[in-house]
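The values are calculated or read from the model by the stated rules, or taken from the named source; none is laboratory data. Owing to the predicted nature of the structure, the values given are computational and were not obtained by experimental measurement. As a convention, Cβ positions derive from the backbone with ideal geometry for all residues, glycine included, and neighbour counts pool all protein chains shown.
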Amino acid sequence: MLGELVEVMGLIESVLIASAERVDPVASKRIRNATAGSQGQLWANAIKGRVTDAQIAATVPQAEQELRQLAEDRNDFIHALFENDYVERGYMEPGIQTTSATRSKTGVTRPTTDLERIRGRAEAVFCLIDQIARSVR
């Protein structure tokens, strides 16, 4: 699931770079060299005023915010130590039942089951960004 998430994030990055390249090659290069968390803002600034459909243009801030959050969620797993979670009693059999990831930078622990939801959000963000990118002129 983590590999799929990273792949979708790579597709998003390529759309950001290509659409910015059409209107601002310098911004496109900045996006290429930036971290995922700041790429959305650079892209939004580059395409500002260049999205032909007003309704689609109105979704740019949402796409930027979603991309920032998605990068943060992805980093929770990329920069993490994974460990088995043990169940002592309850509705599950005792022993290893799940896996969690503890981010090395913040110490925040998340269950790996969150990855499926995050990957699904990444697909939705890709579709939104692709729609915006197709309207950039």
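For (1) hydroxyl-bearing (Ser, Thr, Tyr); (2) farther than 25 Å from GLY3 by Cα; (3) modelled with pLDDT of 95 or more, each residue gets a yes or a no:
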position	(1), (2), (3)
GLN39	no, no, yes
VAL87	no, yes, no
GLY95	no, yes, no
LYS105	no, no, no
THR112	yes, no, no
GLN131	no, no, yes
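Kindly indicate which of ASN45, ASN33 is at negative phi, touching a helix residue (DSSP H, G or I) at 6+ places or on another chain (Cβ under 8 Å) and either surrounded by fewer than 17 Cβ atoms within 10 Å (Cβ to Cβ) or of a type in the set (Asp, Glu) (or both).
Answer to the check: ASN45.
Is one or more of the residues making up the stretch 76-97 buried (at least 17 other Cβ atoms within 10 Å of the Cβ), touching a strand residue (DSSP E or B) at 6+ places or on another chain (Cβ under 8 Å) and among the acidic types (Asp, Glu)?
yes
Just need a number here: residues in the stretch 39-68 that are among the polar types (S, T, N, Q), out of contact with any Leu (no Cβ under 9 Å at 6 or more places or on another chain) and either without any contact (Cβ under 8 Å) to a residue 12 or more places away in the chain or not in a helix (DSSP H, G or I) (or both).
So the answer is 2.
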